Amino acid sequence: MKKIWVFAEYVNCTLDRVTLELLTKAKELASGLKGETEVAAVLIGSRIGSTCKTLAEYGAEKIYLVESDELSLYNPMLYAPIITELVQKEDPDIFLFGATAIGSELGPTAAAQLKTGVAAHCVDMHIDENEHLVAAVPSFGGKILGEILCPDTRPQMASVKPGIFVQGEPEEREAQIIKVDVSAITADNLPLKAISLEKKETEGVPLDKAEVVFCGGYGIGCKENWGKLEKLAAIFGGAAACTRPVVDEGWAPGEHVMVGTSGKSIRPKAYVGFGISGATHHICGMKDSGLIISINKDEKAAVFEVSDAGAAADLNRILDQLMIKLDL
């Protein structure tokens, strides 16, 4: 039997949505493998047994449940060895992680211990005719999509940002629960210890929940224009977003408002982009928006290829006219 595993990320009493998206994708990948294929989830934490029902509803046929009070706060020096030992014992063919802060550390750490590879920040995956996992990753500044395979070592591993894949609908079903014995585990002698978890609340509508998003690229040119996008977002009850260069220039407040493979993936009802060229790194994070409107002075900008409406115009003039019309 072939096996596809998904790391079930559980933090602060919440199952990260990327877990359910990956379980949905895992079921699709399983259909591309010959013979019987089992989809399983690996769940690590403290007092997390009730989460198994949700994992089963979204496609996990088997759940490896790793529970201990020592695992209540994430620690890579505890989590990685557990995963490594479990993989060595059960020998899965494919192992998927969310490309979150935790998954981006834990996946490669376990891969290094297992001496296999990881395709990081994938935007798509499929099974080829040789039953290899083919992971599509933006390359050369997002100009092309590179295909990454791991033909010689197992498991084949990949990480995916939340929002890249669509979460399926839950179905009433049961999963086999395998309780992993970690009674001997202790964090007492580890050089790295998790002390506490502090959650910083963000102001306004969270970017991944906003129905209207005003997004700025490097073409907005200055922090003043970023402020205009924030005002527009506020009046429409939406959120302001950006590409990486805007964060790097210090115009935006931080990476939490960034959209793309190294930021968030969003699906608002309306997305309005200003000064965005259309690199794959960004497009894969917003291409599933309902209505996409783009303003860029370059009429050949790649962003127009994925836009429902657009204007090859000076964004400064359009922004200023919007501010006047809306009395901002």
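The values are calculated or read from the model by the stated rules, or taken from the named source; none is laboratory data. Values in this document were obtained by computation on a predicted structure and should not be read as measured data. For neighbour counting, all protein chains shown are included, and Cβ atoms are generated from backbone atoms with ideal geometry for every residue, glycine included.
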Does residue 115 satisfy the condition of being surrounded by fewer than 19 Cβ atoms within 10 Å (Cβ to Cβ) and at positive phi? yes
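Results for (1) touching an Asp or Glu at 6+ places or on another chain (Cβ under 8 Å); (2) assigned to a loop (DSSP other than H, G, I, E, B); (3) not assigned by TED's automatic domain parsing to the domain that holds residue 300, shown as yes or no for each residue.
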{"residue": "245", "(1), (2), (3)": "no, no, no"}
{"residue": "256", "(1), (2), (3)": "no, no, no"}
{"residue": "266", "(1), (2), (3)": "yes, yes, no"}
{"residue": "276", "(1), (2), (3)": "no, yes, no"}
{"residue": "281", "(1), (2), (3)": "no, no, no"}
{"residue": "286", "(1), (2), (3)": "no, yes, no"}
Give me a count of the residues in the stretch 66-78 that are closer than 16 Å to residue 181 by Cβ and either outside any helix (DSSP H, G or I) or without any contact (Cβ under 8 Å) to a residue 40 or more places away in the chain (or both). 4
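Show me the strands (runs of 3 or more DSSP E) found entirely inside the stretch 106-164 where at least 2 residues are farther than 19 Å from residue 4 by Cβ. Reasoning before the result, please.
Working: elements: 118-122, 124-127, 133-139, 144-148, 156-160.
The strands (runs of 3 or more DSSP E) meeting that bar are 133-139, 144-148.
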Evaluate the following for residue 194: is it buried (at least 21 other Cβ atoms within 10 Å of the Cβ) and in contact (Cβ under 8 Å) with a residue 12 or more places away in the chain? no
Restricting attention to the stretch 23-48, which residues are buried (at least 18 other Cβ atoms within 10 Å of the Cβ) and at positive phi? 45
Could you list, in sequence order, all residues of the stretch 201-248 that are of a type in the set (Asp, Glu) and over 16 Å from residue 289 (Cβ atoms)? 201, 203, 224, 230, 248
Output the number of the condition that residue 275 fails; it satisfies all remaining conditions of (1) crowded, with 19+ Cβ neighbours inside 10 Å; (2) under 22 Å from residue 161 (Cβ atoms). (2)
Does residue 178 meet the test of being farther than 28 Å from residue 265 by Cβ and outside any loop (DSSP other than H, G, I, E, B)? yes
So, in the stretch 281-296, of the ones that are in contact with a helix residue (DSSP H, G or I) (Cβ under 8 Å, 6 or more places away or on another chain) and at pLDDT 95 or above, which residue ends up surrounded by the most Cβ atoms within 10 Å (Cβ to Cβ)? 294
Inspect the stretch 126-146 for any residue being within 21 Å of residue 41 (Cβ to Cβ), in contact (Cβ under 8 Å) with a residue 60 or more places away in the chain and within 13 Å of the chain's Cα centre (by Cα) and give the result as yes or no. no
Could you please let me know if residue 252 is outside the structural domain of residue 121 (by TED's automatic domain parsing), under 16 Å from residue 294 (Cα atoms) and aliphatic (A, V, I, L, M)? no
Test: residue 135 is at pLDDT 95 or above and of a type outside the set (Val, Ile, Thr): yes
Are any residues in the stretch 221-243 in a helix (DSSP H, G or I), out of contact with any strand residue (DSSP E or B) (no Cβ under 7 Å at 6 or more places or on another chain) and of a type in the set (Gly, Ala, Ser), and if so, which ones? 227, 234
